[in-house]
């Protein structure tokens, strides 16, 4: 029913939770309030859980990673948080395209966790061929170059190798990688807490895998 309640054709909202007023085509429509239907369908519950996971993933990001997302949103009508959540929910799936590079210009461990200067090592090696490119230790956080740049662009792997202490990498830790003409990428690491080493392979979005075919996901980039 179209009405003008109480002489005011700009009415909005609800009346005592039983009647709501809405504007449609310049007129005010009055209708009975109906509580939104919430069937708790599997799809709805799955999407709600994805949203909670997205928020948790954002809250777990180090400050430097949040700054990176805010940088991506510079000049936009949304924030880095909005961009992160949107891509987490609707756009991004971990890439399975190998990350290929020739020159590692800068390496940095975002969050160091070692208790000695060379607690454990990240060795970068070409794959196949195992040519040593460079390395960095936790928590000294200094890049050591070997064959860098490589003679040609190459797929690579990281060998996590114990130093003075067992490896203790937390789930979601990252390495900041600058390569091939100041391209920047975060390499995402799974939880690794063991006295022996482990191999990791990387896709072009920074996702890590346990195998060179990039089928066994270790940590997907959000």
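Read-outs: derived from the displayed coordinates by stated rules, not from any lab. Source: prediction; values computed, not measured. Reconstructed Cβ throughout: ideal geometry from the backbone, glycine too, with neighbour counts over all protein chains shown.
Between region 91-159 and region 164-222, what is the C-alpha centre distance in whole Å? Rounded to whole Å, the Cα centres lie 9 Å apart. By other beta-carbon atoms within 10 Å, ranking 157, 113 with the fewest at the front produces 113, 157. Among 193, 219, 50, the ranking by other beta carbons within 10 Å of each residue's beta carbon, starting with the fewest, stands as 193, 50, 219. Listed from fewest to most Cβ neighbours within 10 Å, the set 160, 216 follows the order 216, 160. Model label points for residue 165 and residue 63, set 7 angstrom from Cα along the Cα-to-Cβ axis, are 2.2 nm apart. Legend: calculated FRET efficiency, residue 141 to residue 49, from the Cβ-Cβ distance at R0 = 25 Å, rounded to 0.05, equals 0.10. Subtracting the Cα-Cα distance of residue 74 and residue 87 from 0.36 nm times their residue separation leaves 3.1 nm of extension gain. Take the Cα radius of gyration of region 100-219 and divide it by 2.2 N^0.38 Å, N being the number of residues; the result is 0.96.
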